[in-house]
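Undergrad: Following this message is one structure expressed as structure tokens.
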Amino acid sequence: MNTMIKCRVEMEKKILTIIIVGILLLTNNIIINQVNSFAVSEKNQKNLKFNKYLSEKASVISDLKPGDILFHISQYITIHCLIFKQFNVSNNMYEFLEANSDHGVRRIFYSENTLNNTLIYKKFARVETANSIQIQNAILFAESQIGKEFEWDMFFHNKNYIPSDPEKPYSNSWYCTELVWAAYYNCNHTVDEEIYGEGIDIDRNKWKKDSLIWSMVWPNDILWDDDIKVFYLRKNKIKNSNDNFLLYNIFNSLKNKI
């Protein structure tokens, strides 16, 4: 009798072991399939980015259009962005609008020589989904904020797009990407209408919360948004795809570092 009981217990153990191993194998296969699927998806996304990039030539300074976004790169990290307003024929300078940590929201001018020869300003972007009226409204919004202070408390609240909001004491100040993002987020209305939002959301994360439980926007979030097309400032047009491939690899390596 004891032998039968012992054999039964051993059989139950074997059956249980087989069931557990089966579950583990099934779970492992599911995980592997999900990882492979993610890898394929990520590869396809990179290929789409690469193919889209290859379809565009590098741009010279004269290709800049009002509303284009200029990115500031420091030590391979994109740390700042500005909106291009216009080229001033009177002084041969390119006019931009920015929220600067030292000077607040201001207009700033760069010569063609500065833009062509400094390494920090080599990456530009265009909001492909914006029409001419929306671009003009975005520029006028950013310009209307000139004189306001830089936003230093960006880590303690959600990004803002409504200026002079009585419920938000920080609404009269901006950090660089917040200003650029808000300009396009408000681009469906003129400044005089005082109707905010409902425009183009150029933050790739939209309103998702980050690790600090707030919804913030960084230069890289704008750079990789689906509404954005990235191009590079060059003294001369790129002549072959090898140069394009090199620039794409640089661009992709920057993305992975941020």
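Undergrad: Could you please let me know if GLU128 is among the charged types (D, E, K, R), more than 23 Å from MET216 (Cβ to Cβ) and under 18 Å from the mean Cα position of the chain (by Cα)? Full working, then the answer.
TA: Working: among the charged types (D, E, K, R): yes; more than 23 Å from MET216 (Cβ to Cβ): yes; under 18 Å from the mean Cα position of the chain (by Cα): yes.
Here the answer is yes, as GLU128 does meet what is asked.
Undergrad: List pairs: first in segment 141-152 and in the same structural domain as ILE195 (by TED's automatic domain parsing) and over 10 Å from SER101 (Cβ atoms), second in a loop (DSSP other than H, G, I, E, B) and modelled with pLDDT of 95 or more, Cβ under 6 Å, 6+ apart or cross-chain?
TA: Qualifying pairs under 6 Å: PHE141/ASN186.
Undergrad: Is it the case that ASN116 is in a helix (DSSP H, G or I), of a type in the set (S, T, N, Q) and more than 16 Å from CYS176 (Cβ to Cβ)?
TA: Details: in a helix (DSSP H, G or I): yes; of a type in the set (S, T, N, Q): yes; more than 16 Å from CYS176 (Cβ to Cβ): yes.
In short, yes.
Undergrad: Tell me, which residue of segment 106-148 that is touching a His at 6+ places or on another chain (Cβ under 8 Å) and not hydrophobic (A, V, I, L, M, F, W, C) is surrounded by the most Cβ atoms within 10 Å (Cβ to Cβ)? Let's see the steps before the verdict.
TA: Of all residues in segment 106-148, those touching a His at 6+ places or on another chain (Cβ under 8 Å) come to 120-121, 137.
Add one more test, that the residue is not hydrophobic (A, V, I, L, M, F, W, C), and what stays is 121, 137.
Working: TYR121: 19, ASN137: 23.
Once the filter is applied, the top-ranked residue is ASN137.
Undergrad: Determine whether THR129 is in a helix (DSSP H, G or I), of a type in the set (Ser, Thr, Tyr) and in the same structural domain as ASP201 (by TED's automatic domain parsing). Walk me through it before giving the result.
TA: Numbers: in a helix (DSSP H, G or I): no; of a type in the set (Ser, Thr, Tyr): yes; in the same structural domain as ASP201 (by TED's automatic domain parsing): yes.
In short, no.
Undergrad: Let me ask another. Can you name the number of the only condition in (1) buried (at least 17 other Cβ atoms within 10 Å of the Cβ); (2) hydroxyl-bearing (Ser, Thr, Tyr); (3) more than 23 Å from VAL230 (Cβ to Cβ) that THR177 fails?
TA: (3)
Undergrad: Can you go through ASN205, ASN244, ASN236, ASN252 and tell me which one is assigned to a loop (DSSP other than H, G, I, E, B), in the same structural domain as ASN188 (by TED's automatic domain parsing) and at pLDDT below 55?
TA: Details: ASN205 fails: at pLDDT below 55; ASN244 fails: assigned to a loop (DSSP other than H, G, I, E, B); ASN252 fails: assigned to a loop (DSSP other than H, G, I, E, B).
Result: ASN236 is the single residue among ASN205, ASN244, ASN236, ASN252 that is assigned to a loop (DSSP other than H, G, I, E, B), in the same structural domain as ASN188 (by TED's automatic domain parsing) and at pLDDT below 55.
Undergrad: A further question on this structure: Check off (1) at pLDDT 95 or above; (2) surrounded by fewer than 13 Cβ atoms within 10 Å (Cβ to Cβ) for PHE156 and give me the number that stays unchecked.
TA: Tallying (1) at pLDDT 95 or above; (2) surrounded by fewer than 13 Cβ atoms within 10 Å (Cβ to Cβ), PHE156 fails exactly one: (1).
Undergrad: Next question, about the same structure. Quick one: would you say ASP165 is charged (D, E, K, R), more than 26 Å from ILE79 (Cβ to Cβ) and either assigned by TED's automatic domain parsing to the domain that holds ASP225 or crowded, with 22+ Cβ neighbours inside 10 Å (or both)?
TA: Working: charged (D, E, K, R): yes; more than 26 Å from ILE79 (Cβ to Cβ): yes; either assigned by TED's automatic domain parsing to the domain that holds ASP225 or crowded, with 22+ Cβ neighbours inside 10 Å (or both): yes.
Considered against the rule, which asks whether it is charged (D, E, K, R), more than 26 Å from ILE79 (Cβ to Cβ) and either assigned by TED's automatic domain parsing to the domain that holds ASP225 or crowded, with 22+ Cβ neighbours inside 10 Å (or both), ASP165 comes out as yes.
Undergrad: Please find, within segment 62-87, the residue that is modelled with the lowest pLDDT out of those that are surrounded by 18 or more Cβ atoms within 10 Å (Cβ to Cβ) and not in a strand (DSSP E or B).
TA: Ranking the candidates gives LEU64 first.
Undergrad: Which residues, counting only those in segment 183-230, are among the acidic types (Asp, Glu) and either buried (at least 17 other Cβ atoms within 10 Å of the Cβ) or under 21 Å from ALA99 (Cβ atoms) (or both)?
TA: Taking segment 183-230 and keeping what is among the acidic types (Asp, Glu), we get 192-194, 198, 201, 203, 210, 221, 225-227.
Across segment 183-230, the qualifying residues are GLU194, ASP201, ASP203, ASP210, ASP221, ASP225, ASP227.
The values are calculated or read from the model by the stated rules, or taken from the named source; none is laboratory data. Just so you know, these numbers come straight off a predicted model, no measurement behind them. So basically every Cβ, Gly included, is an ideal-geometry build from the backbone, and we count neighbours across all protein chains shown.
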